[in-house]
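Here's the structure, in structure tokens; my notes come after.
No value in this document is a laboratory result; all are computed from the given coordinates. Everything quoted here is computed from the prediction, not taken from an experiment. Cβ placement follows ideal geometry from the backbone for every residue including glycine, while neighbour counts extend to all protein chains displayed.
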């Protein structure tokens, strides 16, 4: 009788631990894939990685929405992967995200692939303004930015030897943007900020500003 009483609790505990193990395993498997509706630091890392590679998906807010989905689809097509909009192991590997996911929290992937805190580097630069007019874009009038993004507020022309293409930036007095364009006159510590109108660009003029690499 004593044995029977012991067997039932032991069997119950075994089933409980088995259930916990399977639940943990399922959670780990679910966490390995990112898709529409996913949220959190892994989505931030995904968005940063896509932006850095020129697949602009907007501000890295940690929410996998339409912009992130479209960027993933485009990357998957370019990389020869099945364009399903889900970031599994193959897409992670193609993006070079595997190491970033395993890294400690509280940091983001830098342009070189190492981890660095947000806003760790600030530059003092000369900033001018441009717009979609012929005067601002000759001889590239009517064309998108250097990396193919449409010209809109937030597009910033830089010297790629100073700031790599795809780098997310915060410019004092202007706001956030992405290094997505280049220009013959934009050399060294100089940037050109896109404005929605010719007048806004002229009103900005030329300023010395703090530029923070995000």
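Annotations
- Cα-based shape type of the stretch 150-207, given that a ≥ b ≥ c are square roots of the gyration tensor eigenvalues and the cut on a/c is 1.5: prolate
- Footprinting exposure proxy for 156, 73 (fewest neighbouring C-beta atoms within 10 Å first): 73, 156
- Between residue 39 and residue 84, full extension at 0.36 nm per residue minus the direct alpha carbon distance yields a gain of 14.4 nm.
- Placing dummy labels 7 Å off each Cα toward the beta-carbon, the span from residue 94 to residue 61 is 2.6 nm.
- Linear extension gain, residue 153 paired with residue 70, 0.36 nm per residue minus alpha-carbon span: 27.9 nm
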